[in-house]
1. For residues in the range 8-31 being at pLDDT 95 or above and over 19 Å from Leu180 (Cα atoms), which is surrounded by the most Cβ atoms within 10 Å (Cβ to Cβ)?
2. Taking the range 74-103, which residues are within 7 Å of ligand 1 (Cβ to nearest atom), at pLDDT 95 or above and not polar (S, T, N, Q)?
3. Can you tell me which residues in the range 312-337 are among the basic types (Lys, Arg) and within 21 Å of Trp405 (Cβ to Cβ)?
4. Write out, first by first residue and then by second, each pair whose Cβ atoms fall under 9 Å of each other, whose residues are 6+ apart or on separate chains, and whose first residue, in the range 199-222, is over 14 Å from Val145 (Cα atoms) and open to solvent by 50 Å² or more (accessible area, probe 1.4 Å) while the second is of a type in the set (Gly, Ala, Ser) and in a loop (DSSP other than H, G, I, E, B).
5. Restricting to the range 311-347, what's the tally of residues that are under 18 Å from Leu399 (Cβ atoms) and open to solvent by less than 10 Å² (accessible area, probe 1.4 Å)?
6. Are there any pairs with C-beta distances below 8 angstrom linking a residue in the range 50-71 that is farther than 14 Å from Gly12 by Cβ to a residue that is open to solvent by 60 Å² or more (accessible area, probe 1.4 Å) and part of a helix (DSSP H, G or I), with the two at least 6 apart or on different chains, and if so which?
7. Criterion first (part of a helix (DSSP H, G or I), among the β-branched types (Val, Ile, Thr) and within 16 Å of ligand 2 (Cβ to nearest atom)) does Val14 satisfy it?
8. Could you check how many residues of the range 350-360 are under 19 Å from Glu373 (Cβ atoms) and either free of Cβ contacts under 8 Å to residues at least 24 places away in the same chain or open to solvent by less than 10 Å² (accessible area, probe 1.4 Å) (or both)?
Amino acid sequence: MRIAVVGSGYVGLVAGACFADLGHEVVVVDNDERKLAALRSGHVPIHEKFLPELLSRHRGQRLTFSDDLQEAVRLSSVIFVAVGTPPTGSGEADLSYVESVAREISGGINSYKVVVEKSTVPVYTSEWVRKVMLRNGADPAMFDVASNPEFLREGTAVTDFLFPDRIVIGCDSGRSAAVLREIYAPLTEGRYSERPDAIPQPDRASIPAPIIVTSTKSAELIKHASNAFLALKISFINAVASICESVGANVNQVVHGVGADSRIGPKFLNPGIGYGGSCFPKDVAAFRAVARECNYEFRLLDEVTRINEEQRQRFLRKIHSALWTLRGKNLAVLGLAFKGGTDDIRESPAIFLVQALLQEGSKITAYDPAAMERTREVISSGIKFANSAYEAAHNADALLILTEWEEFANLDLLRLRSELKYPIVIDGRNLYDPEVMAAQGFTYYSVGRAACHPDGVPAAALRNGKKA
Ligand code: UDX
Ligand code: UDX
């Protein structure tokens, strides 16, 4: 099938490369000339496992890049729209890029086309896309608008796309549904994973991939509701972690007990400094705005956002309670990305905390396996960048863990302790076991668990001057 993908961001580029790997002819269109030039010359603008391999496999063959949207439309039978839908000041999704793309697509309709929303958009967007295309002269019999939300996570985007938990196609005509079924057939018939050159399948892969066919409106809502519910799970466990801290319970034990319930499940119950990224914060706000437009006060989502923002403040207070004053303190920071496995710092809780600590006069030496380049673009002074976790820890008053990179969970603790001025670790991602850290001679603070001190006396008891 000949496919055009508009937008070469995280979603567009990964979708384009994966569609090519499924055997389709793909043209990725973007209006950012610098990005196009970089992609054509072999550069990979985002840090995603397996993406460089797919791009080098198909670039110039089944995968091309263009800035000419109308020509791409003329040559393709399906157009996926994956342009940005950033938040406006009031939290609604800004759909002006989607509209301008819809207008331009209208001019390229030379045979039956399916226009598919791939970006995260509010319910009703597909109706608006149709209206805009009709207003701009598109023949109603010559196109359908469909919704095919993307559930890929940054860091595992390629395997999430090729081995999805489900493929949702929202169509209001049998014809468009048939076209989308055909595009995904290598995944829904299990043929892709049998190929010798297939991207390795992750452990939990459901093969063949289940397909869920709905109306366009339901598909649009599935995406918002899914992201809002995942964000809710995270805020819920962070709220429980705060209660654990007050009563001296251990949130990891609580997660174990709660997550063992098959109706709940353990996933997305990792407490920490809150969720970030280009999706959850904006999609929770956008879903809240959609509900308001439908005269439904979805206050639960306000609480999800409030708990998430509070979590960052709580961690800042935890740093104060561990270190007292912060002015002039040398702090080692492990992690800048909004989560492990990506170079993306959009809405990163780590970046928020680093900026707050710099504001309080702390000196920061930071290390992140992938996100330091992007951080340099947003934080230019008061921060030093190290080449390793140990270099960052050198002579620091304390070490903060802010992003859940796997390598940070497997550090040589003896070496780490020898680098630090004081063996104090404040872990915003609960990567270590408090007792292990205490046994290794650290004073260790984390989220939802009692702080631990080398001689096993809970730090809290020491602060209150009482011996246990
Ligand atoms: C996108 C959507 O923005 C988001 O709603 C969804 O949740 C995930 O997919 P992402 O891929 O991260 O997010 O977007 P972004 O990185 O902003 O990339 C969008 C691309 O579209 C950019 O390369 C931009 O240059 C391009 N674009 C934007 C166009 O080609 N034309 C436009 O009119 C607007
Ligand atoms: C998310 C959705 O998971 C994905 O389906 C959608 O397509 C896009 O948005 P992404 O933003 O890439 O993906 O990252 P995700 O792995 O969901 O993590 C989001 C944030 O939540 C990160 O800041 C992460 O650190 C945090 N998180 C995640 C927690 O704090 N606890 C958890 O248990 C899981």
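1. Val29
2. Residues satisfying the conditions are Ala82, Val83, Tyr97, Val101.
3. We begin by selecting, within the range 312-337, every residue among the basic types (Lys, Arg); these are 312, 314, 317-318, 327, 329.
Result: Arg312, Lys318.
4. From residues that are over 14 Å from Val145 (Cα atoms) and open to solvent by 50 Å² or more (accessible area, probe 1.4 Å), the pairs are Ile207/Gly190; Pro208/Gly190.
5. Residues flagged as under 18 Å from Leu399 (Cβ atoms) and open to solvent by less than 10 Å² (accessible area, probe 1.4 Å) within the range 311-347 amount to 10.
6. Arg59/Arg40; Gln70/Glu104
7. Details: part of a helix (DSSP H, G or I): yes; among the β-branched types (Val, Ile, Thr): yes; within 16 Å of ligand 2 (Cβ to nearest atom): yes.
Yes; evaluated as a whole, the condition is true for this residue.
8. 2
The values are calculated or read from the model by the stated rules, or taken from the named source; none is laboratory data. Since we're looking at a predicted model, the values are computed, not measured. No Cβ is skipped: glycine too gets one built from the backbone with ideal geometry, and neighbour counts run over all protein chains shown. For the accessible areas, the whole protein counts, side chains as well, though only heavy atoms, and no ligand, DNA or RNA atoms are used. Shrake-Rupley method; radii C 1.70, N 1.55, O 1.52, S 1.80 Å.
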